[in-house]
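J.: Right, I'll just put the structure down here and ask away after.
The values are calculated or read from the model by the stated rules, or taken from the named source; none is laboratory data. Note that the structure is a prediction, hence the values are computed from the model and not measured. Because the Cβ atoms are built from the backbone with ideal geometry, glycine has one as well, and the counts that use them run over all protein chains shown. The accessibility values were calculated without ligands, DNA or RNA, using every heavy atom of the protein model including side chains. Shrake-Rupley method; radii C 1.70, N 1.55, O 1.52, S 1.80 Å.
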Amino acid sequence: MLTRKIKLWDINAHITCRLCNGYLIDATTVTECLHTFCRSCLVKYLEENNTCPTCRIVIHQSHPLQYIGHDRTMQDIVYKLVPGLQEAEMRKQREFYHKLGMEVPGDIKGETCSAKQHLDSHRNGETKADESSNKETSEEKQEEDNDYHRSDEQVSICLECNSSKLRGLKRKWIRCSAQATVLHLKKFIAKKLNLSSFNELDILCNEEILGKDHTLKFVVVTRWRFKKAPLLLHYRPKMDLL
C-alpha cells in the first residue's frame, strides 16, 4: 500500500494557536465559528474582547466565555502529532504544583506515568503480539471504567440556592472530579430537585452565569484561584432575574 509522508511543518497552521503561535495546549474551540486556541490564551483574550481572534465574529455581546468549549479530540491529535509535547506539558504542570508547595493532582501523575511507559517501550524496541495487546487494552479499559474518576483531581463544592422559587439541597456539599462540567452539575441538581429538565437552571459563580461546557477545573482557575475551598456556586431558575 502506498503511503505519503507529511511534514509537521505543513500542518502547523492547523494545530497551533493564533494568539501565542505555539502548539495548542488545553485546546478550546469557539462554538460559533469552530476556531480553536489554547484555553489560557482565549480566556485572557475574552476578558477584554467578545469576538473570535481569527474571524472577528461576535461570540456573545456580554458573556463570550459561555460559548467556548474544551476540544478533547483536537488536543489528542496535537499530542499525537507533536513528539514530546504532552510529556513537556505534564512536566511543566508538575513543576508548577511543586513550586506552590501543592500536591500534584492524580490525573497529572497518571498521564505522566502512561506517557513514560509508552516512550520506554518504543525506546527498548518492545513489540507485543496482537492478542497480548488487546488483552492489555481490555484490562486497562476495565480498570478505568471501575475507577469512576476517583484518581482525577478533585474539587470541593458548595451548592447554594439563591432563589425563592427553588428549594435548597439537603446535602449541598459535594466533591467530584475537576473534569466534570457545569452541565453535569445542572443534571445533578435537576435530579435531586425532581425538575423536568436541567435546562431550567442557571449556575453562577461570583454572580456570573457559567457556560455548560466549562469544566470545574476551568471555573476554579478563572474565578476562584485565590480563594479557599470549597468552590461556592449558586443555582437558580433560568428566567429568574434576581
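Results for (1) assigned to a helix (DSSP H, G or I); (2) over 24 Å from THR28 (Cβ atoms); (3) in contact with a strand residue (DSSP E or B) (Cβ under 6 Å, 6 or more places away or on another chain), shown as yes or no for each residue.
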position: LYS191; (1), (2), (3): yes, yes, no
position: LEU204; (1), (2), (3): no, no, yes
position: GLY211; (1), (2), (3): no, no, no
position: LYS217; (1), (2), (3): yes, no, no
position: PHE226; (1), (2), (3): no, no, no
position: ALA229; (1), (2), (3): no, yes, yes
position: LEU232; (1), (2), (3): no, yes, yes
position: TYR235; (1), (2), (3): no, yes, yes
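J.: In segment 39-72, which residue that is small (Gly, Ala, Ser) and open to solvent by 40 Å² or more (accessible area, probe 1.4 Å) is nearest to the chain's Cα centre (by Cα)?
T.: Selected residue: SER40.
J.: Have a look at THR36, THR29 and point out the one that is outside the structural domain of GLN179 (by the TED database), crowded, with 18+ Cβ neighbours inside 10 Å and touching a residue at least 40 places away in the same chain (Cβ under 8 Å).
T.: Working: THR36 fails: touching a residue at least 40 places away in the same chain (Cβ under 8 Å).
The match here is THR29.
J.: A further question follows. Taking the residues in segment 146-160 that are touching a helix residue (DSSP H, G or I) at 6+ places or on another chain (Cβ under 7 Å) and assigned to a loop (DSSP other than H, G, I, E, B) as candidates, determine which candidate is modelled with the highest pLDDT.
T.: The qualifying residue modelled with the highest pLDDT is GLU153.
J.: Only residues that are more than 23 Å from ALA178 (Cα to Cα), outside any helix (DSSP H, G or I) and in contact (Cβ under 8 Å) with a residue 24 or more places away in the chain: list them for segment 61-85, please.
T.: Of all residues in segment 61-85, those more than 23 Å from ALA178 (Cα to Cα) come to 61-62, 80-84.
Subset that is outside any helix (DSSP H, G or I): 61-62, 82-84.
Within segment 61-85, just VAL82 meets the criteria.
J.: Evaluate segment 36-49: report whether one residue or more is out of contact with any Pro (no Cβ under 6 Å at 6 or more places or on another chain), assigned to a loop (DSSP other than H, G, I, E, B) and more than 25 Å from LYS212 (Cβ to Cβ).
T.: Among the residues of segment 36-49, not one is out of contact with any Pro (no Cβ under 6 Å at 6 or more places or on another chain), assigned to a loop (DSSP other than H, G, I, E, B) and more than 25 Å from LYS212 (Cβ to Cβ), which makes the answer no.
J.: Restricting to segment 1-23, give me the number of residues that are among the acidic types (Asp, Glu) and touching a residue at least 12 places away in the same chain (Cβ under 8 Å).
T.: Going through segment 1-23, the residues among the acidic types (Asp, Glu) turn out to be 10.
Then drop every residue that is not touching a residue at least 12 places away in the same chain (Cβ under 8 Å), which leaves none.
Within segment 1-23, residues that are among the acidic types (Asp, Glu) and touching a residue at least 12 places away in the same chain (Cβ under 8 Å) number 0.
One line per residue, one yes/no per condition, for (1) modelled with pLDDT of 90 or more; (2) surrounded by 10 or more Cβ atoms within 10 Å (Cβ to Cβ); (3) not polar (S, T, N, Q):
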{"position": "ASN162", "(1), (2), (3)": "no, yes, no"}
{"position": "SER177", "(1), (2), (3)": "no, yes, no"}
{"position": "LYS191", "(1), (2), (3)": "yes, yes, yes"}
{"position": "ASN194", "(1), (2), (3)": "yes, no, no"}
{"position": "CYS205", "(1), (2), (3)": "yes, yes, yes"}
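J.: Continuing with the same structure: Looking at GLN93, GLN75, which is the one that is open to solvent by less than 50 Å² (accessible area, probe 1.4 Å) and at pLDDT below 85? Before the answer, list the steps.
T.: Working: GLN75 fails: at pLDDT below 85.
Answer to the selection: GLN93.
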